[in-house]
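Handing you this structure, nothing more for now.
The values are calculated or read from the model by the stated rules, or taken from the named source; none is laboratory data. Not measured: the values here are computed from a predicted model. Note that each Cβ is placed from the backbone with ideal geometry, even for glycine, and that neighbours are counted across all protein chains shown. Each accessible area value is taken on the protein alone, full model and side chains, heavy atoms only, with ligands, DNA and RNA left out. Shrake-Rupley method; radii C 1.70, N 1.55, O 1.52, S 1.80 Å.
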Amino acid sequence: MTKETEVKIFKNPKKVYNAIAKSIIQLTSDSTQKNFDIALSGGNSPKGLFEKISEKYKDEIPWDRIHLWWGDERCVPPTSEQSNYKMTLDYLISHIDIPEKNIHRIHGEEDPELEALRYSNEIDDTLNSRGKEPVFDLIILGLGDDGHTASIFPDQLELFDHPENCAVAEHPLTGQKRITLTGHVLNNANRIYFLVTGENKAMRVSEIMNDNEAAKLLPAYYISPVNGDLTWFLDEAAASLIS
């Protein structure tokens, strides 16, 4: 963990979602910025965030300037219940007025290697850059029970050094293929928000926060923006083992 890391702890998941939603409103309020590129996460915690935004804040965010991307996607059709895109569609996109051209989904139904290359090129062609690297204004990440983030798993840490923006990953237990942003793109973001709730995440959070030796095996440990800010949004359950 770097000294630029900020940790915010809230009583329950709903307060976490509310805090991130308000932060997004603040970040996107600068009307002089033409595009604001956000890479989204899948999973249950972002689902709660999307519900909060849809129910309470959808009219406070300038969707015409927001471009939605994904940090990872399972190699399934967009109609699959396993699709991160479908979850976002159901809980956020279908409730907001956002131009279709601002939605940049990963085509999980296509050949994984070809799609990883296509999405890498779309990122290069669309995003601002810092040096040769594309820059997301905000990346929202989750934390798996095994310490994975995006779809970089503990047995695939080499994806932090992968030369392309995207790569094909494989779930270590199911063998399911996924497409994920790689380390150099993740760590080049202007801001990264970890959204982590639940007692089942407490041990991994503790290992990372306390800089334990065990943390060096966890992909999430290596999220450290080179030129940006890193903020952990935790509920009390997820933060319960931090010493």
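To the nearest 500 deg cm²/dmol, what mean residue ellipticity at 222 nm is calculated for the chain from DSSP H runs of n ≥ 4 alone, each contributing -39,500 (n - 2.57), summed and divided by the residues? Walk me through the numbers before you get to the answer.
Details: 6 runs with 59 residues, N = 243.
Computed ellipticity for the chain at 222 nm equals -7000 deg cm²/dmol.
Here is a follow-up. Please give every one of the lysines within straight-line cross-link reach of Lys58, meaning a C-alpha to C-alpha distance under 30 Å, and leave out same-chain neighbours fewer than 8 residues apart.
Lys8, Lys11, Lys14, Lys15, Lys22, Lys34, Lys47, Lys86, Lys101, Lys201
Here is a follow-up. Rank Thr182, Val205, His171 by how far each Cα sits towards the positive end of the charge dipole of region 152-205 (+1 on Lys, Arg Cβ; -1 on Asp, Glu Cβ) and give me just the farthest.
Value computed over the given set: Val205.
Might you work out the accessible area of Glu81 for me, using a 1.4 Å probe with all protein chains in place, and round it to the nearest 10 Å²?
150
Related question: Expressed as a whole number of Å, what is the distance separating the alpha-carbon centroids of region 99-137 and region 168-243?
Measuring centre to centre over Cα atoms gives 22 Å.
Related question: From the mean inverse distance of alpha carbon pairs (Kirkwood) and the Cα radius of gyration, derive Rg over Rh for region 92-147. Write down the numbers at each step before the final one.
Working: Rg = 14.1 Å, Rh = 13.9 Å.
Dividing the radius of gyration by the Kirkwood radius yields 1.02.
Under a Cβ-only charge scheme (Lys and Arg +1, Asp and Glu -1), can you give me the dipole magnitude of the chain about the Cα centre, in debye to the nearest 20?
780
Let me ask something additional. If you average the sequence gap of Cα pairs under 8 Å that are 6 or more apart and divide by the length of region 75-180, what percent do you get for the contact order? Mind dumping the intermediate values first?
Values: 108 pairs, mean separation 26.9, N = 106.
Reported relative contact order: 25 percent.
With a 10 Å cut-off between alpha carbons and a GNM built on the chain, which of Thr88, Thr197, Thr174 moves the most?
Maximum fluctuation in the GNM of the chain, among the listed residues, is at Thr174.
With every protein chain kept in place and ligands, DNA and RNA left out, what is the accessible area per residue of the chain? Probe 1.4 Å, answer in Å².
Per residue, the chain has an accessible area of 46 Å².
Please report, in debye to the nearest 20, how large the charge dipole of region 1-94 is about its Cα centre when each Lys and Arg carries +1 at its beta carbon and each Asp and Glu carries -1 there. Write down the numbers at each step before the final one.
On the way: 14 positive and 13 negative charges, 79 e Å.
Using only the charged Cβ atoms, the result is roughly 380 debye.
If you add up the charges near Lys47, with Lys and Arg at +1 and Asp and Glu at -1, over every other residue whose beta carbon is less than 13 angstrom from its beta carbon, what do you get?
Details: positive: Lys14, Lys52, Lys86; negative: Glu51, Glu55, Glu81, Asp90.
The answer is -1.
In region 84-243, carbon and sulfur make up what percent of the accessible area (probe 1.4 Å)? Please report the intermediate quantities before stating the final value.
Details: 3220 of 6890 Å².
Carbon with sulfur: 47 percent of the solvent-accessible area.
Additional query: Count neighbours as other Cβ atoms within 10 Å of each site's Cβ, and list the trypsin sites (Lys or Arg not before Pro) in region 101-208 that are DSSP loop with at most 13 such neighbours. Mind dumping the intermediate values first?
Values: sites: Lys101, Arg105, Arg118, Arg130, Lys132, Lys177, Arg178, Arg191, Lys201, Arg204; in loops: Arg105, Lys132.
Those that pass, being in a loop and sparsely packed, are Lys132.
Full-extension gain between Asn12 and Leu114, please, as 0.36 nm times their residue separation minus the C-alpha to C-alpha distance.
Residue separation times 0.36 nm, minus the Cα-Cα distance, leaves 32.6 nm.
Something else: How far apart, in nm, are the 7 Å Cα→Cβ label points at Ser224 and Glu122?
Those two pseudo-labels are separated by 3.2 nm.
Considering only DSSP states other than H, G, I, E and B, which trypsin sites (Lys or Arg not before Pro) in region 22-67 qualify as loop sites with at most 13 other Cβ atoms within 10 Å? Working shown, then result.
Numbers: sites: Lys22, Lys34, Lys47, Lys52, Lys56, Lys58, Arg65; in loops: Lys34, Arg65.
Those that pass, being in a loop and sparsely packed, are Lys34.
Separate question: When Lys and Arg each count +1 and Asp and Glu each count -1, what net charge do the other residues less than 10 Å away from Trp232, Cβ to Cβ, add up to? List each step's numbers first, then the result.
Details: positive: Lys8; negative: Glu6.
Neighbourhood net charge equals 0.
Quick one: dipole size for region 64-146, taken about the Cα centre, charges +1 on Lys/Arg Cβ and -1 on Asp/Glu Cβ, in debye to the nearest 20. Display every interim value, and only then the final one.
Numbers: 8 positive and 19 negative charges, 64 e Å.
In debye, rounded to 20, region 64-146 gives about 300.
Still on this model: How high is the relative contact order of region 165-243, in percent, with contacts defined as C-alpha pairs under 8 Å that are six or more residues apart? Present the calculation step by step, with values, prior to reporting the outcome.
Values: 113 pairs, mean separation 29.3, N = 79.
37 percent.
Gain in length, Gln26 to Asp161, computed as 0.36 nm per residue apart minus the alpha-carbon separation, to one decimal in nm?
Details: separation 135, 0.36 × 135 = 48.60 nm, distance 3.26 nm.
The Gln26-Asp161 span can extend by a further 45.3 nm.
Just name one of His104, Ile20, Ala39: the one whose Cα is farthest towards the positive end of the charge dipole of the chain (beta-carbon charges, Lys/Arg +1, Asp/Glu -1).
The listed residue farthest towards the positive side: Ile20.
May I pose another question? Counting pairs of alpha carbon atoms under 8 Å apart in space and at least six apart in sequence, what relative contact order in percent does the chain give?
Relative contact order for the chain comes out at 24 percent.
For the chain, what is Rg from Cα atoms divided by 2.2 N^0.38 Å, rounded to two decimals?
The chain yields a ratio of 0.94.
Tell me, what HN-Hα J-couplings in whole Hz come from the Karplus equation 6.51 cos²θ - 1.76 cosθ + 1.60 at θ = phi - 60° for each residue of region 13-28, using x for Gly and Pro?
x, 4, 6, 5, 4, 4, 5, 5, 4, 5, 5, 5, 4, 5, 5, 9
If each of Arg130 and Glu51 carries a label point 7 Å out from its Cα toward its Cβ, how far apart are those two points in nm?
3.4
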